[in-house]
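Input: a single structure, listed below in structure tokens.
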Amino acid sequence: MTNTSLNPSEIARYARHIILPELGGAGQQKLKAARVLVIGAGGLGAPVLQYLAAAGIGTLGIVDDDVVSLSNLQRQVIHQTADIGQTKVDSAEAAIGALNPHVTVETHAFRLAADNAETLLRQYDLVIDGSDNFDTRYLAADTAAAIGIPLVTGAVGRFDGSLTVLIPYETGKDGEPNPSYRDLFPEKPPAGVVPSCVEAGIIGALTGVIGTLQAMEAIKVIAGIGEPLVGRLLMYDALSAQFSTIRYRRRKTVKAD
């Protein structure tokens, strides 16, 4: 059983958390007990990992099959120039260790795929998707829903970003089932319709905005505080500096006669 008691060094480190009435020592212990898997150690994953490590998440899993390249450094701030050519999971693990030695890091240097997703996700309490492709997003969402663990998913492109929290295996305050990712986006767009960051470009700081919001939502879910973005899609337009939120619900199924 995981020891969630806080030693004097941890109490000092997390003092600004502990004095928050909404979080307190009990909430900090929940963070320490949590096992969180982050999909992707790139633009979104970088701030997610940094802020969750700083917050005292006990175990951070990282799944990514890529290596650090020079073009990553404009936005993937967990990596440094000296890390070029190194696997992203190893680079991120070293950065987390330097930031907070109390965090255990588990590295998975492979691509999330249909044949490994369920086994991997079952090892964690919550998943954060920072991937950059639709195949991984739908796989992560479908798998997390099937095994019953929360998913914080985000996406970015050019100057726009969005995120939501998915807990479709539970019901909301209204007694209705929470919506799933496919209630929001029923099907993947056809290949080539949505350009990748390589094709369209992306402003680096945008990934910091969305990734940090993902970390915040994960902390809320784990600690049981506030109102996570369940059934709500938060969208950010960086050029106009505007946030907007849309609500979405579980789609009604139509029974055949």
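Derivation of every value follows stated rules applied to the coordinates shown; laboratory data play no part. All of these numbers come straight from a predicted model, not from anything done at the bench. Here Cβ is always computed from backbone atoms with ideal geometry, including for glycine, and neighbour counts include all displayed protein chains.
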Taking the alpha-carbon centroid of each part, what is the distance from region 143-196 to region 43-98 in angstrom?
24 Å
Taking only the alpha-carbon positions of the chain and ignoring solvent, what does the Debye formula give for the base-10 log of I(q)/I(0) at q = 0.16 Å⁻¹?
-1.27
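Within a Cβ distance under 14 Å of Gly201, other residues only, what is the Lys/Arg minus Asp/Glu net charge?
Numbers: positive: Arg75, Arg158; negative: Asp132, Asp160, Glu199.
So the surrounding residues net to -1.
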Note on the chain: contact order normalised by length, alpha-carbon pairs under 8 Å, 6 or more apart, percent, works out to 19 percent
Reciprocal mean inverse distance between Cα atoms of region 1-153 - Kirkwood radius, Å
15.9 Å
For Leu70 and Ile147, compute 0.36 nm times the residue count separating them, minus their Cα-Cα distance, and round to one decimal in nm.
24.0 nm
Apply the Karplus parameterisation 6.51 cos²θ - 1.76 cosθ + 1.60, with θ equal to phi minus 60°, to every residue of region 229-236 and state each ³J(HN,Hα) to the nearest whole Hz, in sequence, with x for glycine and proline.
7, 8, x, 9, 10, 8, 10, 10
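Output the antiparallel fraction of DSSP beta bridges having both residues in the chain, as a percent to the nearest 5. Can you show the working numbers first?
Values: 19 of 38 bridges.
Looking only at bridges with both residues in the chain, the antiparallel portion is about 50 percent.
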Residues in region 122-165 that a label on Thr245 would reach, taking backbone N under 18 Å of a point 7 Å out along Cα→Cβ:
151-155, 161-165
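Just rank Lys188, Lys30, Lys88, fewest to most, by other beta-carbon atoms within 10 angstrom. Don't skip to the end; give the middle numbers.
On the way: Lys188 14, Lys30 20, Lys88 27.
Placing the least packed residue first, the sequence is Lys188, Lys30, Lys88.
To the nearest 500 deg cm²/dmol, what mean residue ellipticity at 222 nm is calculated for the chain from DSSP H runs of n ≥ 4 alone, each contributing -39,500 (n - 2.57), summed and divided by the residues? Mind dumping the intermediate values first?
Details: 10 runs with 90 residues, N = 257.
After summing the helix terms and dividing by the residues of the chain, the value is -10000 deg cm²/dmol.
How large is the convex hull of the C-alpha atoms of region 97-193 per residue, in Å³? All intermediate terms of the calculation are to be shown ahead of the outcome.
Details: hull volume 15.5 nm³, N = 97.
It is 160 Å³ per residue.
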Residues Thr212 and Met235, FRET efficiency given R0 of 22 Å [Cβ-Cβ distance, rounded to 0.05]
0.90
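Working out 0.36 nm times the residue gap between Phe110 and Thr171, then minus their Cα-Cα distance, what length gain in nm do you get to one decimal? Walk me through the intermediate numbers first.
On the way: separation 61, 0.36 × 61 = 21.96 nm, distance 3.38 nm.
Gain on stretching Phe110 to Thr171: 18.6 nm.
How large is Rg/Rh for region 1-64, to two decimals, with Cα atoms and a Kirkwood Rh? Numbers along the way, then the final one.
Values: Rg = 12.5 Å, Rh = 12.4 Å.
A ratio of 1.01.
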